[in-house]
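J.: The structure under discussion is supplied below as structure tokens; questions concerning it will follow.
The numbers here are math on the coordinates, done by the rules we state, and not lab data. Given the structure is predicted, the values throughout are model-derived calculations rather than measurements. Methodologically, a virtual Cβ is constructed for each residue, glycine included, from the backbone with ideal geometry; neighbour enumeration extends over all protein chains shown.
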């Protein structure tokens, strides 16, 4: 691919000032407001930043709630209302004077109290009166989970792997080659699996120096303007093993229950059907992964599976120098949490619903509307809390897995998470262009400097602008295709030599095998292709703010 000169990197992703970002968003908001409410309530679109910030601080009174159930609700007004909310509700750049990390940590430990209560009730499960549990229902859930999981696989059958994020002992640079180079950390429960890993992965030399760390670290990542999201940073070896178990559970859910955790389209289709006919309800849980209590998992999983997962989990968390024994079974950051919660929620919902289709993707649960209240009651019995703001059992609106539908029409808005940039203006412009919202796309286009106005066709990402402005130029010589310029993210490449480079190459060589088998027609091409992929991605590091380069892209006419 031909590349233009490096000067084209010119601040494509450089953040705007807060004032400029709010000026642009309020310009868009004034257009949407007049369409949603039949009046221009903002007047000067540059003057409502303080009002919006005060509104969010006080609970959102400035932004009227979206009225899905109103008999006067129209498709256009709902889209406009939701879009106004989406500009600000998750925008972490708005200065609310809130310590978002403190809010997230407080919620994490509130979930711990909830898990402690659930654990207490499940320890009394032999006494239904004292525990409030339905033993017959829980027995059926146990049977459903046992049927899906089957026997515990041998370690040879598990596809282990590293996660992309930080671990105890690896924080700033988190590539595979870094994780293979440091002295790995492992909990006492998972230490018994280290000899097996050393035999299976002899090039992972640092395993001989594995250090026992009986705790994970509590960390936070940005979520929205009001709170961060808590995650647990796990020991390296634990995550490596957890990923293998998670992949096995994922495959069993697909094979035995038809739940594909690699595809959200099923949930989206059922949510759309629910908005059209009312036949399906969409349920969402509050702090779902943080309220999976230890005793719940012990009660529902077959004992051999419980032993395996108990060995691999991290049961102590370090926060501000103090260690806390966890009442929850696992949190986000654990390599099998997503699959485990999907399994548990599916089993509970499936047993509670005598007939009809049930679908689950994490804590996005879809059940027949006629059984929705039964499912909610069973989930609450197991210690979970329904998010009433994101659960819909009646009316003409449903949402699940990024699909928001009103009367069968997609009304999903585009969210803004922070201050804007040229890159963000591209993304917003293209979203509105695809939706046919040409007035909003034109407003955004007006804020993009002329030297950044590059156009191209849809289907190649948001590295260029879409719309009627697009001009394709025939390629000189050769086949009669077209070319256009588009910004592409450049990986952060580090070429320093590490002792684990060969081990990392073999790791990626194995990972590239499954993705390249259908790409090449001959065995020699396949072998060469996977070596090229492995040697290239070997040196990639994660980057929160990737650089972008303007490149030539070719396509057929």
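J.: Relative contact order of the chain: what whole-number percent is it, with Cα pairs under 8 angstrom and at least 6 residues apart?
T.: This gives 19 percent for the chain.
J.: Per DSSP helix of 4 or more residues, -39500 (n - 2.57); summed, then divided by the residues of the chain. What does that give at 222 nm, rounded to the nearest 500?
T.: Here the helix-only value at 222 nm equals -12500 deg cm²/dmol.
J.: According to a simple spin-label model (label point 7 Å from Cα along Cα-to-Cβ), what is the distance in nm between residue 221 and residue 322?
T.: That separation, rounded to one decimal, is 2.7 nm.
J.: I need the calculated FRET efficiency for the pair residue 126 and residue 212, taking r as the beta carbon distance and R₀ as 45 Å, to the nearest 0.05.
T.: Once the sixth-power term is evaluated, E becomes 0.80.
J.: Of 365, 24, how do they rank once you tally other Cβ atoms within 10 Å and put the fewest first?
T.: So the ranking, lowest neighbour count to highest, is 24, 365.
J.: Please state, as a whole number in µm²/s, the translational diffusion coefficient that the Stokes-Einstein equation yields for region 293-441 at 4 °C and 1.567 mPa s, with Rh defined as the Kirkwood radius across alpha carbon pairs.
T.: 69 µm²/s
J.: Using a Förster distance of 56 Å, how high is the FRET efficiency between residue 298 and residue 451, based on the Cβ-Cβ distance and rounded to 0.05?
T.: 0.35
J.: When the chain is fully extended, how far beyond the present Cα-Cα distance does residue 35 get from residue 254, taking 0.36 nm per residue of separation?
T.: Result: 74.4 nm gained on full extension.
J.: Each label point is 7 Å from the Cα along the Cα-to-Cβ direction; what then is the distance between the points at residue 380 and residue 442, in nm?
T.: Result: 5.1 nm between the two label points.
J.: With only alpha-carbon atoms counted, please give the Rg and Dmax of the chain, in Å.
T.: When restricted to the Cα atoms of the chain, Rg and Dmax are 25.7, 82 Å.
J.: Which order do 84, 316 fall in if you start with the one that has the fewest other Cβ atoms within 10 Å?
T.: 316, 84
J.: Suppose we take every Cα in region 256-309 and form the convex hull; what volume per residue is that in Å³?
T.: 138 Å³
J.: Order by neighbour count: 300, 318, fewest other Cβ atoms within 10 Å first, most last.
T.: The fewest-first ordering by Cβ neighbours comes to 318, 300.
J.: Ok, one more. Work out, step by step, the length gained on full extension between residue 410 and residue 509: first 0.36 nm times the residue separation, then minus their alpha carbon distance; give nm to one decimal.
T.: This chain segment gains 31.6 nm when fully extended.
J.: Now for a separate question. Output the direction-averaged projected area (hull surface divided by four) of the convex hull of the alpha-carbon atoms of region 102-409, in nm².
T.: Result: 16.3 nm².
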